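Reviewing the structure listed below.
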Amino acid sequence: MSAGASDSAVGVELVSHFATVEQQKHAAVLGMWAWLLTELLLFAGLFLTALVLRIIHPEAVQEAARHLKFWIGATNTVVLIGSSLTMSGAIQLSRLGWQRGMVRFMLATAALGTLFLVLKGYEYYADYQEHMMPFLSDRPYELKDSPPSRLFVNLYYVATGLHGLHLMTGITILLVMTWQASRAGFLTRHQNRIEIFGLYWHFIDLIWILAFPTLYVLNR
């Protein structure tokens, strides 16, 4: 088989409660967008709180932000942008019916997501070593005389922790979907699943693109 040949036909299996495949696809996209918007509101509240805290207590927030690992945040931003590119590649290949290439791009996306979590885990470990976890009662907080910095750091952990949870969920779903997609006939019945999951993955990347300047850049 030549490199340009498709591995399989592309299609969507019609579910009984939909009249047409197009209706089914539109419903899936609408449902995903509706859920993502509710998640965006959750993160928007956290980021808005961090920005207001920055305005009210600039010195305390800047002091806390100096302990954040800017190079890890910047590297993770590049990593997730790269994962968006590989996910977009997987979507495009799925439309073309190139199943094997699509699976490789999906695995690359999962690998980049895992790399993000590894770097984030290292950052958390460094924070632990520097006594920058105010929610731990057995380790005195480094900036214990600054309540606003404590609030900012707690917001940082809630926002990045929630993002990490979304990312871990995404990687798990992606790996299961990759296993399913590696089987013959997947794209003839379930190509739309790749498209819908791509929306979720791009959302994860978007949240981090908002988190990085809000938590790391503006407070330096």
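The values are calculated or read from the model by the stated rules, or taken from the named source; none is laboratory data. Remember, it's a predicted structure, so these values are computed and weren't measured experimentally. Here the Cβ is made from the backbone with ideal geometry for all residues, glycine too, and neighbour counts use every protein chain on show. Ligands, DNA and RNA are stripped out before the accessible areas are found, and what is left, the full protein with its side chains, is counted by its heavy atoms. Shrake-Rupley method; radii C 1.70, N 1.55, O 1.52, S 1.80 Å.
If R0 is taken as 41 Å, the Cβ-Cβ distance between L175 and E59 corresponds to a FRET efficiency of 0.40. Probing with 1.4 Å while keeping every protein chain in the model, the per residue accessible area of region 21-217 equals 48 Å². Couplings 3J(HN,Hα) for region 35-50, derived from phi with the Karplus relation 6.51 cos²θ - 1.76 cosθ + 1.60 (θ = phi - 60°), are 5, 5, 5, 5, 5, 5, 4, 4, 5, 4, x, 5, 5, 5, 4, 5 Hz, where x marks Gly and Pro.
Exposed loop sites, defined as GluC sites (Glu not before Pro) outside DSSP H, G, I, E and B with at most 14 other Cβ atoms within 10 Å, are absent from the longest region of the chain, namely 14-129. Look at where the Cα atoms of region 106-141 and of region 170-199 average out, and the two centres are 29 Å apart.
Full extension of the chain segment joining M168 with L206 gains 12.1 nm, where the gain is 0.36 nm per residue of separation less the Cα-Cα distance.
Residue ranges 79-87, 171-179 sort as 79-87, 171-179 when ordered by packing (mean number of other C-beta atoms within 10 Å per residue, highest first). Among the listed values (i) 65, 36, 29; (ii) 40, 38, 35; (iii) 46, 39, 30, the one computed from these coordinates for Cα extents along the principal axes in Å is (i). Note on L117 and R104: their simple-model spin labels are 2.5 nm apart, each label 7 Å out from Cα toward Cβ. Extension gain, L199 to L96: 0.36 nm times the residue separation minus the Cα-Cα distance gives 35.2 nm. Couplings for region 166-181, taken from phi via the Karplus curve 6.51 cos²θ - 1.76 cosθ + 1.60 with θ = phi - 60°, read 4, 5, 4, 4, x, 5, 4, 4, 5, 5, 5, 5, 5, 4, 5, 5 Hz in order; Gly and Pro are left as x. Summarise the accessible area of region 21-217 (1.4 Å probe, protein heavy atoms) by the percent that is carbon and sulfur. About 70 percent, which is the carbon plus sulfur part of the accessible surface. Each Cα pair under 8 Å and six or more residues apart adds its sequence gap; the mean of these over the residue count of the chain is a relative contact order of 37 percent.
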